[in-house]
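This report refers to the structure that appears directly beneath it.
The values are calculated or read from the model by the stated rules, or taken from the named source; none is laboratory data. It should be emphasised that the depicted structure is a prediction, and the values quoted were computed from it without experimental measurement. Every residue, glycine as well, gets a Cβ built from its backbone with ideal geometry; the counts of neighbours run over all protein chains shown.
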């Protein structure tokens, strides 16, 4: 059974580098326009998780939250956290490093946690 959120080796490497510099981390992806549709990395607790946000999973002991609408969309997919060249113009901790996080979705059978807390297996 596939995890709902995973990371490429490049993303894991960047997470380790950022954790070494900043301490425990967290991700949030709201699904809105502009920077809201990309994963943003914060020091753990620096971003206030909303009551409708959903913990999609963890990557390297780092919680990955998505907005409610993103969680609904992702029930039939696996989210893959990756790193690509280029800078991000936001408050995300990788800003200024020359690379940025990017998420890709992959259709597959995954155990999902619904916005109501229910757990199930979905095929993509």
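Data overview
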quantity: Filtered residues of segment 97-124 (kept if modelled with pLDDT under 75, surrounded by 11 or more Cβ atoms within 10 Å (Cβ to Cβ) and more than 22 Å from residue 52 (Cα to Cα)); calculated: 107, 108, 109, 124
quantity: Scan of segment 67-96 for residues that are assigned to a loop (DSSP other than H, G, I, E, B), modelled with pLDDT of 80 or more, in contact with a helix residue (DSSP H, G or I) (Cβ under 9 Å, 6 or more places away or on another chain) and surrounded by fewer than 15 Cβ atoms within 10 Å (Cβ to Cβ), ordered by number; calculated: 91
